[in-house]
Structure formats: C-alpha cells, structure tokens
Amino acid sequence: MKKWLKIVLGIVSVLVVAFIGLFIYAYVQVSKDEEAVSTEVTDEETTTEEATDSEVPDGMIDVNTTIDEEINDNKVVVSGTTNLPTGTKLKVNLSVTGEDDNGIEKEVTVEDNGKYKSEEFSNNGSRLKGGNYSIYVSMIPAAQQSEEVQKVIGDKGQNLTGDQVATSEDNGNLTSANKFVDLTENDAEKKESQEKLDQDTMLAVLSESTREVFGDKNDFNKKDAVDKVELANDTAFIRVYGKDNVSSKLIKSGMYMDITDVLKKIEYSDDLPSKVAFDIIFPLQDKLGNTKDEPVMRVVIASDTIRKINFKNFNYDNIPDIAESYWEHDAIK
C-alpha cells in the first residue's frame with residue numbers, strides 16, 4: 001500500500017511540475033506576441049508621422065520670403081531672400097503704420113541667388129519723417145510674371161503654398177511678407193509730435209467739457225448736441241445746439257450760462273488756445289414755414305480773459321461785454 005502511495009504522489013508531482021512549465025511557457029509567448037504587436041503599432045505611428053512631416057509635394061513651393069532693412073539718415077533700402085524662382089517680380093511698399101496713404105512702392109526682381117534689393121526709399125532724396133513704418137513685400141500676380149517664372153509657380157500661382165500665400169479670386173495665389181521698423185525723429189519732429197499730442201489732449205478736454213454742459217442730444221431732433229469741436233490757428237471752435245426754452249430771453253440767457261459753464265471747466269487747461277469761439281445753432285423758421293438749423297449766436301473770448309474771470313461772482317449775462325467779438329441773430333434779441 002505504501003509503495004502504491006509513493007507512486008501516485010510521484011506521478012502527481014510530475015504533473016504539477018509539467019503544468020507549471022506549460023503555464024510559464026504560455027505566459028512568455030503571450031508577452032512576446034504583445035511586444036510584437038506594440039512594435040508594429042509604433043512602426044505604423046512613426047510611418048504616419050513621417051508622412052505628415054514630409055516635404056511639400058514635388059513641384060510645390062512652400063514660400064519663404066525674408067525682409068531686412070538698411071537705414072541711413074532715415075533713408076531706407078529693403079533687401080531679403082526668397083525661394084521664389086529667379087526673375088520673379090516683387091513689389092516692396094514702405095508706408096507710415098496706421099495711415100491710409102499708399103506709401104512709397106518700388107518693384108524688384110529676384111536674382112539668381114534668391115536675393116532681392118530695392119532702391120532707396122526717401123522723401124525726394126531727403127530723410128523720411130520719423131515714426132513707425134510698415135514694410136510690405138508681395139509678389140506681382142502670376143499672370144504678369146514671365147513665362148519662365150509661370151512654369152515654376154503656375155499661371156495662377158497654383159504651385160505656391162505656405163503661410164505667406166493667400167488666394168485672390170482675380171489674381172490666383174499671391175505671396176506677402178511684412179515687417180515694422182522705427183525711424184528716429186529729429187528735434188523738429190519731436191516738437192511737432194508733442195504739439196499734436198497736446199492738441200489732441202486739448203480737443204478731448206474741450207469735447208468732454210462741451211458735452212457735459214450741452215448734453216449728448218439736442219432738444220429738437222435728438223441728434224448730437226455737439227456738432228463740431230476743432231482746433232485751428234490757435235483757436236478752439238465749438239459749434240453746438242442751444243437749448244430750448246419758453247421765451248427768446250430765456251433761450252439767450254441759457255446760452256450765456258452754458259458758455260460760462262464750459263469756460264469754467266477749461267480755465268485751468270495748460271494748453272488752452274489763445275481764443276475760444278462758440279457758434280450756437282438753433283432751428284429757425286422762415287416766412288414760408290421752412291425750418292433750418294442756423295447760427296443764432298457767435299462769441300469769441302480770449303484765453304487771457306478766461307483766466308481772469310472770477311467764476312464765483314461772475315454774472316453770465318455779461319458774456320457779450322467780456323467777449324472779443326459778439327453777434328446774435330434778430331430771432332433772439
């Protein structure tokens with residue numbers, strides 16, 4: 001009996017060892033298969049990435065145009081490189097940034113080495129005014145290029161691609177590149193810039209003060225109460241609608257009072273022009289019953305007078321007496 005028991009235990013032991021061996025073998029094989037699948041997936045991803053990052057198709061040009069500038073006494077020469085074909089005609093434009101004028105434009109041709117260079121940009125041979133300028137380099141439409149160039153870029157520029165390419169309905173694909181440059185201001189230009197800044201500040205003060213007194217909308221057609229505020233020849237011109245009232249006398253007194261309130265708001269302005277002129281308009285009806293907005297009061301007051309006024313005690317009905325010039329329409333007399 002013991003002998004048989006030993007035999008059975010021996011057989012079981014052998015079977016257990018065999019089973020464990022088979023399990024380990026199977027596990028190793030599965031791991032190898034998974035690794036092989038992972039390698040295949042990685043290879044596929046790499047292939048996809050390589051395909052995505054590949055160069056543009058044969059015959060296409062991923063346009064890359066660069067811009068450099070040489071500045072000498074505010075005279076500018078524009079140059080650069082491009083991978084457009086030799087002989088391609090480009091336009092180089094230099095204009096003051098933010099202004100509507102077309103600037104100065106010159107035509108250049110791409111040389112054998114892929115370079116281009118413009119003639120000098122100047123103000124009829126003199127220095128350009130200081131400020132920020134935009135340089136814009138663009139390709140002339142393909143239809144206006146030579147046959148040799150069209151063979152490379154296409155008769156409508158269809159062989160051009162990239163971030164510097166845009167499509168025009170009339171001219172096909174066009175290329176463009178731009179750059180901003182600063183030209184220095186001389187003393188006279190700095191003074192002019194400061195004066196313009198001071199003028200813009202004064203205009204803002206005048207406009208805000210006038211609107212605070214006369215309001216945003218007039219009493220008649222509910223359009224803007226302030227028709228115009230401008231500076232010219234060291235004089236501030238204010239054209240504004242007067243306010244309506246129950247009688248001509250009260251209308252006129254109201255105009256005096258409003259003019260006084262505006263003067264009070266601007267008396268301490270550093271850049272107050274030498275004169276402030278008010279043009280008060282009002283709707284007037286003619287004998288045929290037609291109504292038209294016309295001036296009914298014109299007042300010009302010197303800035304020196306404005307600064308001398310003691311506004312705490314000033315009687316606004318004295319506006320005609322302190323004015324440098326005064327006129328009123330018969331309709332409000």
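Data overview
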read-out	value
Links that overshoot a 22 Å alpha carbon limit, given the list 243/333; 228/275; 223/265; 190/275; 115/151; 129/179	223/265; 190/275
All-pairs Cα distance distribution in the range 129-250, expressed in whole percent, bin size 5 Å	2, 9, 11, 10, 8, 7, 6, 7, 9, 10, 8, 6, 4, 2, 1, 1, 0
HN-Hα J in Hz across the range 133-150 - Karplus 6.51, -1.76, 1.60, θ = phi - 60°, x for Gly and Pro	10, 10, 9, 10, 10, 9, 7, 5, x, 4, 4, 9, 8, 5, 4, 4, 5, 5
Built amide H within the under 5 Å cut-off of residue 296, gap 5+	280, 281, 282
Apportionment of accessible area to carbon and sulfur, the range 81-141, percent (1.4 Å)	39
log10 of Debye I(q)/I(0), alpha-carbon scatterers only, for the range 265-304 at 0.19, 0.23, 0.27 Å⁻¹	-0.64, -0.76, -0.89
Accessible surface, 1.4 Å probe, highest first, among residues 325, 269	325, 269
Average accessible surface area per residue within the range 139-261, 1.4 Å rolling probe, Å²	59
Whole-Hz couplings from phi, Karplus 6.51/-1.76/1.60, listed for the range 111-121; x for Gly and Pro	8, 4, 8, x, 9, 9, 7, 8, 6, 6, 8
Amide H contacts under 5 Å for residue 227, placed H, 5+ residues apart	239, 240, 241
Accessible area of residue 217 in the full protein assembly, 1.4 Å probe (Å², nearest 10)	120
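The values are calculated or read from the model by the stated rules, or taken from the named source; none is laboratory data. Note that the structure is predicted; figures quoted are calculated from it, not measured. Protein only, heavy atoms only, side chains kept; ligands, DNA and RNA dropped before computing areas. Shrake-Rupley method; radii C 1.70, N 1.55, O 1.52, S 1.80 Å.
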